[in-house]
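The values are calculated or read from the model by the stated rules, or taken from the named source; none is laboratory data. These figures come from a predicted structure and were not determined experimentally. When we count neighbours, we look across all protein chains shown, and the Cβ atoms used for this are built from the backbone with ideal geometry, even at glycine. Protein only, heavy atoms only, side chains kept; ligands, DNA and RNA dropped before computing areas. Shrake-Rupley method; radii C 1.70, N 1.55, O 1.52, S 1.80 Å.
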Amino acid sequence: GTWVTGSAHIITAVIGSGVLSLAWAIGQLGWIAGPAVLVAFSLVTLFTSSLLADAYRHPDPVTGPARNYTYMDAVRAQLGGRKVHLCGLAQCINLVGVNVGYTVTAAISMAAVESSWSCFHDGFREEDKCDVSSTRYMIIYGCVQLVLCQVPNFQKLSWISILAAVMSATYSVIGLGLSVAKVAEGGGTKAATTTVGLHVSEGHELWRVFRAIGDIAFAYSYSTVLIEIQDTLRSSPPENRTMKRASFVGITVTTLFYLLCGCVGYAAFGKAAPGNLLSGTGFRQPLWLVNIANICVAVHLVGAYQVFCQPIFSFVESRCRQRWPESKFVTMEHPVTVVCHVNWFRLVWRSAYVVVTTALAMTFPFFNDFLSLVGAASFWPLTVYFPVAMYISRAKIPKFSFTWAWLQCLSWACLVVSLVAAAGSVEGLIQSMKKYHPFKS
């Protein structure tokens, strides 16, 4: 691959369901702080991505003979010890959290389609038909994943990844277009100048600001797949140089798109911007276009779920084969047809994984709060801490030198931001759980 294909992979990996919450996030932070926080996250991500790009080869980032094919390989080669296990734990939490969040988001989008047709069709509103449960859609989504997860490896599902990328671009552009249309009609002028409800306390406002920071952090989470993307690049020019260029282009395009979506969505709805731009109190007309966008969200997240669960499957199954090489339950493939084979361990373990993530989604069916928590939990360790620590180790930066000091300050500052965002997310989940009724999600 080249910097062009690398940039495309980055844009596809970064732009996802997180874009739906950016209007709400900008609404909580305001016209000045909102774009400033977005740009700040993009700059930090761009900087640490360049550090991570140098970790692909070892010991030298250009001529090193040893390649690190995954994030954990890079941490093992350059840090080693207990930090490898901490990296694996952080990646596991991030991947599982994203799968839970995707289940919630897909179900909400599917429920929004049913709600729009039964409640708002032909411009007629029936209140008793507006309350559509997303629980059964989580079960349907889980059943689809139960089937797809039995495919032995993700290479056989590459067509789903391509379809997911197209769907992601489609609903993002539709959301942006609907926001522009609403602003052009003048519907957002008054909304953009309104303040948050007078009955909301300052303390509650502060928690919302913290959650908004977590939502933005989630929108920039792609460091876990950066080295895998770099592994697709040709070695001349050096992979790290090509990856840095690809990261610059990919993150710049993504940030411009995020600023458009967030700021235009805020201009359209003001402080009343919904947590999910395409559902809830978001757009209602044109009904067909909004429904197409929500269907695209659901289809995209079917493929996105597989992208994030397959690394976990590969890791667990390879470890189990190493641990119990003589076990027929773990290793034996049973032919069902010429092209289809069943492994009992794969069937049981992957099914259990889908059931657990679906159950967690049904327990915490809250779009904004959960995405914010996942973003807060993964941003500092995977996007900042490990890239900085690997750079200090690789470059042999002297302790307490100027470079060491400011890199540590950056890392600690990002840790504080992640902790603050996580606190806001947990508080939001607690408040949402207090209001949640199992038959009204």
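Amide hydrogen proximity for VAL342: with H placed 1.01 Å from N in the peptide plane, the residues at 5 or more positions away or on another chain lying under 5 Å are HIS334, VAL336.
For the range 364-407, the equivalent ellipsoid derived from the alpha-carbon gyration tensor has semi-axes of 33, 9, 5 Å in decreasing order. With every protein chain in place and a 1.4 angstrom probe, the accessible-area ranking of VAL180, VAL290, VAL420, largest first, reads VAL180, VAL420, VAL290.
By the equivalent-ellipsoid construction on the alpha carbon gyration tensor, the chain comes out with semi-axes of 35, 29, 20 Å, ordered largest to smallest. Note on the range 214-255: along the principal axes its Cα atoms extend 37, 19, 10 Å, ordered by decreasing extent. Among the listed pairs LYS244/LYS396; LYS83/LYS328; LYS271/LYS434; LYS182/LYS244, those with a Cα-Cα distance over 26 Å are LYS83/LYS328; LYS182/LYS244. Accessible-area rank, largest first, for TYR137, TYR385, TYR258: TYR385, TYR137, TYR258, with all protein chains present and a 1.4 angstrom probe. The solvent-accessible area of VAL19, taken with every protein chain present and a 1.4 Å probe, is close to 10 Å². Computed packing ranks the peptides 94-100, 171-177 as 94-100, 171-177, most packed first, by mean other Cβ atoms within 10 Å. Accessible surface for LEU259 stands near 40 Å², nearest 10, in the context of the full protein assembly shown (1.4 Å probe).
Which of the three applies to the range 3-54, rounded, prolate or oblate, going by the alpha-carbon gyration tensor with a ≥ b ≥ c and a/c under 1.5 meaning rounded? Spell out each step's value before the answer.
Numbers: a/c = 3.37, a/b = 1.63, b/c = 2.07.
The shape class here is oblate.
Summarising the label geometry, the points placed 7 Å from Cα in the beta-carbon direction at CYS143 and SER314 lie 3.1 nm from one another.
Site pair VAL180 and CYS409 shows an inter-label distance of 4.1 nm when each label is modelled 7 Å from Cα along Cα→Cβ.
Please find the FRET efficiency linking GLU205 to VAL39, where r is the Cβ-Cβ separation and R0 is fixed at 25 Å, and quote it to the nearest 0.05.
Numbers: r = 22 Å, r/R0 = 0.90.
With a Förster radius of 25 Å, E is 0.65.
Within the full protein context, the accessible area of TRP31 is estimated at about 120 Å² for a probe radius of 1.4 Å. Extension gain for the segment ALA395 to LEU260, taken as residue separation times 0.36 nm less the Cα-Cα distance, is 44.8 nm to one decimal. Stokes-Einstein diffusion for the range 275-406 at 37 °C, viscosity 0.692 mPa s, with a Kirkwood radius from C-alpha pairs, works out to 167 µm²/s.
Span-like helix criteria (full DSSP H runs; alpha carbon extent of at least 30 Å along the helix axis; mean Kyte-Doolittle hydropathy of at least -0.5) are satisfied in the chain by 22-53, 82-119, 158-184, 239-269, 287-323, 402-435. As a calculated quantity, the FRET efficiency between VAL173 and ARG321 at R0 = 30 Å, using C-beta atoms, amounts to about 0.10. Extension gain for the segment PHE402 to GLN150, taken as residue separation times 0.36 nm less the Cα-Cα distance, is 85.6 nm to one decimal. Note on exposure: PHE379, PHE210 ranked by accessible area (1.4 Å probe, complete protein assembly) read PHE210, PHE379, with the most exposed listed first. Seen from all directions on average, the range 201-353 presents a Cα convex hull projection of 15.8 nm².
Count neighbours as other Cβ atoms within 10 Å of each site's Cβ, and list the trypsin sites (Lys or Arg not before Pro) in the range 346-438 that are DSSP loop with at most 11 such neighbours. Walk me through the numbers on the way to the answer.
Values: sites: ARG346, ARG350, ARG394, LYS396, LYS399, LYS434, LYS435; in loops: LYS396, LYS399.
Passing sites in the range 346-438 are LYS396, LYS399.
Residues in the chain average 45 Å² of solvent-accessible surface per residue, probe 1.4 Å, ligands and nucleic acids excluded.
Taking every pair of distinct Cα atoms and averaging 1/r, then inverting, what Kirkwood hydrodynamic radius in Å comes out for the range 345-441? Numbers along the way, then the final one.
Values: mean 1/r = 0.0616 Å⁻¹.
Kirkwood hydrodynamic radius for the range 345-441: 16.2 Å.
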